[in-house]
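One structure is given here, and the rest of the page talks about it.
The values are calculated or read from the model by the stated rules, or taken from the named source; none is laboratory data. Please read all numbers here as calculations on a predicted model, not as lab measurements. Note that each Cβ is placed from the backbone with ideal geometry, even for glycine, and that neighbours are counted across all protein chains shown. For accessibility, only protein heavy atoms count, side chains too; no ligands or nucleic acids. Shrake-Rupley method; radii C 1.70, N 1.55, O 1.52, S 1.80 Å.
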Amino acid sequence: MTSTVDAVRGHVVESRHRVSIAVVSSDGALVARSGDPGLVTFWRSAAKLFQAIPLVSDGAADALGVDDEELALACASHNGEARHVEVARRFLGRSGSNEGDLVCGPHASLSEPVARAMAERGEKPTRAHSNCSGKHSAMLALARFHGWEKSGYALPDHPVQRRCLAEVAAWTGLGESQISLATDGCGVPSFALPIRSMALAFARLSVVAAGEEGAPASNGSSAAARRIVAAVRADPFLIAGTGRLDTELLEAGRGRILAKVGAEGVYSAALTEQRLGVAIKVEDGDMRCLAPALLAVLDQLAPGAAPVSESHREPPIRNSVGAVVGRLVATVNLERPT
């Protein structure tokens, strides 16, 4: 079955974006699908929660005094708002690092209002403003704890990246050799795998978040993941920021939904009450389509669990003076295997 997000201008569908969806239970069963659940794509930033687990499970967080705010930021694709930057700089200090050690480069905020306000103040973003600065700070802390060289921490053969790959493989049920690597936008390896495997990892996370044992049986992953989820739930602002869907889902859903966005049209989510994982891919990578697509899936799987702003559910299309001239409309058709 086909699912789409349409860009509608007036009464005409101006463009149509296909969406593939996988909904998986923690035992790996495909509960629902649309399009191609075996579609292989890069997980991008939707993998961050799993990249953060070694920081806790290996003992680095406790040894270096990493606090819950910093753990939440390790999972974030944040707006680079003042509090995000403050936590990132404090996090860097845990490993004796500074912004010059970060491989991720500065960029404008992912939030247009935040980026515009910074520009109006004449404030230029630094590397700490990068939406990935928390993830990179966690990687530097992991290197410091193990006594690995900080230089080159972003390279695929560095022990930090090998450790992250091993964790991702364990949660997704894949062998390390089954996951292809390429460089993410922030400079570290990104993982290419089927969206069904992404959904499995989040299904396992949903079980752990509910207080049960659902993680791979290795190196304290369950306890580490539970601690990380608790940190993110306690401070939803840190995972994204003002006006962002990841933050609003945590706040409005009272922690029942943990969602993580990724670049190029990827989203993953854990539904703790249903013990399900969801992964979607907007096949042409159009980021505008992600929020309405994900929310249309969540509305079918967990009605009423995502009471967020309608501007996420059916985003307006505006012209150059801000007038609404169209909208994005998601049509999700989930096929449920018998």
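Projecting label points 7 angstrom from Cα along Cα→Cβ for ARG18 and GLU120 puts them 4.3 nm apart. The mean sequence distance of close C-alpha pairs (under 8 Å, at least 6 residues apart), as a share of the length of region 110-265, puts its relative contact order at 11 percent.
Of the residues SER137, SER109, SER268, the one that moves most in a GNM of the chain with alpha-carbon contacts below 10 Å is SER109.
The peptide list 21-29, 282-290, put in order of mean Cβ contacts within 10 Å with the highest first, becomes 21-29, 282-290.
Per residue, the chain exposes 38 Å² of accessible surface when a 1.4 Å probe is rolled over the protein heavy atoms with every protein chain present.
The modelled label-to-label distance for the pair ALA166/SER320, using points 7 Å beyond Cα in the direction of Cβ, is 5.6 nm. Most tightly packed first, judged by the mean number of other beta-carbon atoms within 10 Å of their residues, the peptides 172-185, 78-91, 316-329 read 78-91, 172-185, 316-329. For a 4.7 Å threshold on C-beta separation, the list of partnerless cysteines in the chain reads CYS75, CYS164, CYS289.
For the chain, the mean residue ellipticity at 222 nm estimated from helices alone is -11000 deg cm²/dmol, where every DSSP H run of n ≥ 4 contributes -39500 (n - 2.57) and the total is divided by all residues, rounded to the nearest 500. Here the accessible area is traced with a 1.4 Å probe on the protein chains. For region 2-54, carbon and sulfur cover 51 percent of it.
Relative contact order of the chain, taken over Cα pairs closer than 8 Å and 6 or more residues apart, is 26 percent. Treating r as the C-beta distance of ASN333 and ALA252 and R0 as 25 Å, the FRET efficiency rounds to 0.50.
Between ASP67 and THR242, the FRET efficiency estimated from the beta carbon spacing at R0 = 22 angstrom works out to 0.50.
Using a probe radius of 1.4 angstrom, the carbon and sulfur fraction of the accessible surface of region 189-264 is 52%. In this simple spin-label model, placing a label point 7 Å from the Cα along the Cα-to-Cβ direction at both GLU149 and THR2 gives a separation of 5.2 nm.
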